[in-house]
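Bear in mind these aren't lab numbers, they're just calculated from the coordinates by the rules spelled out. The model shown is predicted, which means the values in this text are computed figures rather than measured ones. Methodologically, a virtual Cβ is constructed for each residue, glycine included, from the backbone with ideal geometry; neighbour enumeration extends over all protein chains shown.
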Amino acid sequence: MRTMNIGRLNKRVRVLRKDDSVNVLNQKSKDLVEVKTVWASVAPVRGTERYELQKLHEEITYRIYMRYFSGVTADMYIECEGRLFEIQSVVDVDFEHKMLEIDATEKVKKAG
C-alpha cells in the first residue's frame, strides 16, 4: 500500500477532454474542454528522440500523481504551466480510489 504525500502535489493542472463543437459556419471541430482543475505532482520519467518523416521528434514521458476522481481516461489531456501532456495510461493506485498515477507524454517541437 502506497500513501499519498499531499505536500508533493505542488502544481496546478487542468484535466482536459476533446469535445465536439460547431462554429458560426456550421463546421464541426474538436476543442479541448476543461474537466477539472486539481493539484498534482509532475515529474519527468524519460525522454526519447526518433526520426519520423526525416525530422527529429523529441518526446518526454512524465509521471503525474493526483488525488483520485472518476472519469479520467487515456484519451484526455493535462495542461500544466502552458504545456500540454497527452495521457497514455491512468492507474487507480492499489484500487483504493485515493490516488491516480498517470503516464503522459509531451511532444517537443524543435525550432527551425
Original post:
Given a Förster distance of 30 angstrom, what is the FRET efficiency for Asp103 paired with Lys28, based on the Cβ-Cβ distance and rounded to 0.05?
Top reply: 0.50
**OP:** Taking Cα extents along the principal axes in Å as the quantity of interest, determine which of [x] 48, 37, 22; [y] 43, 37, 22; [z] 53, 37, 20 was computed from the displayed structure.
**Re:** [x]
Subject >> Table column - 3J(HN,Hα) (Hz), the stretch 60-69, Karplus curve with 6.51, -1.76, 1.60, x for Gly and Pro >> reply: 10, 9, 10, 10, 10, 10, 8, 5, 5, 8
**OP:** List the aspartates and glutamates whose Cα lies under 14 Å from the Cα of Lys18, skipping any in the same chain that are fewer than 8 positions away.
**Re:** Asp31, Glu34, Asp75, Glu79, Glu86
Original post:
Hey, what do the phi angles of the stretch 81-90 turn into as Karplus ³J(HN,Hα) couplings, whole Hz, using 6.51/-1.76/1.60 and θ = phi - 60°, x for Gly and Pro?
Top reply: 6, x, 10, 10, 10, 8, 6, 9, 8, 10
